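Notes for the one structure printed next.
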Amino acid sequence: MKTWETSVDAKGLRVAVVVGRFNQLISSRLLEGCEAELRTRGVSDDDIHVAWVPGAFEIPLAARTLAQSGRYDAIVTLGVVIRGGTPHFDFVCDGVTDGVREVMRDTSIPVAFGVLTCDDVKQALDRAGGEEGNKGAEAALAAIEMARLTPRLSNPPDDDGSS
Ligand code: INI
């Protein structure tokens, strides 16, 4: 059996981050976790580009435009959707999840999904640097791993330039 090695060495990668301003107190914590992880793994400060958008529903359009620019190895999407008393929550969640998935399918650029979809503020805070970790950091790591792996998948594991 042969396996492509996993790499989370992000030196030289260019990463765009799209973050929703809605529930900004929480989404800014996701962004902090994401930026810290990207830097820790070796992305240079100049190669992290952040686009704020009004809310989660706008994330796919920004992510698509960034992916189509051809300038980024990966994109991280961050947002916070919290259930209210109306079906609005479900439409925003469907819009952002379907939209982000379609961007990745249509462009073949890795797009990590760091959008929280929570029942209440506590669940969201717990996942933005609280007791459940920071989903922004986890999304950053997923983006790096996929940015490293994807270009190598068209060659066999022992022939793709990795050790
Ligand atoms: N956007 C969010 O990112 N989170 C939410 O919880 C949310 N709620 O609850 O309404 C939300 N709505 C705004 C939406 O994303 C769009 O910005 C808006 O509909 C304008 O297109």
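Just so you know, all these numbers are worked out from the coordinates, no wet-lab data involved. Predicted model, so just to flag it, every value in this text is computed and none were measured. Every residue, glycine as well, gets a Cβ built from its backbone with ideal geometry; the counts of neighbours run over all protein chains shown.
Cross-link reach is defined here as a Cα-Cα straight distance under 29 Å, omitting same-chain residues fewer than 8 places apart; for Lys11 the lysines meeting it are Lys2, Lys135. Using a cutoff of 8 angstrom between alpha carbon atoms and counting only pairs six or more residues apart, the relative contact order for the chain works out to 32 percent. Comparing Val53, Val15, Val111 in a Gaussian network model of the chain, where Cα atoms under 10 Å apart are tied by springs, the biggest mean-square fluctuation is seen for Val53. In plain terms, the chain from Asp119 to Gln24 could stretch by 32.5 nm, reckoned as 0.36 nm per residue minus the Cα-Cα distance.
Taking a straight line from the alpha carbon of Lys122, these aspartates and glutamates sit under 17 Å away, with near neighbours fewer than eight places off in the same chain left out: Glu131, Glu132. Per-residue extension of 0.36 nm, minus the Cα-Cα distance of Asp159 and Thr40, leaves a gain of 40.0 nm for this segment. Based on alpha-carbon centroids, what's the gap between the range 105-119 and the range 121-163 in Å, whole number please? Distance between centres, Cα-based: 11 Å. Hey, for a label at Thr150 modelled as a point 7 Å past Cα toward Cβ, could you say which residues of the range 63-101 have their backbone N under 15 Å away? 63-77, 100-101, by backbone N distance to the label point.
Full extension of the chain segment joining Gln68 with Asp106 gains 12.7 nm, where the gain is 0.36 nm per residue of separation less the Cα-Cα distance. Taking a label point 7 Å from the Cα of Asp126 along the Cα→Cβ vector, which residues of the range 69-100 have an amide N closer than 16 Å to it? Under cut-off, by backbone N: 81-83. Projected onto its three principal axes, the C-alpha set of the chain covers 54, 35, 31 Å, listed from the longest axis down.
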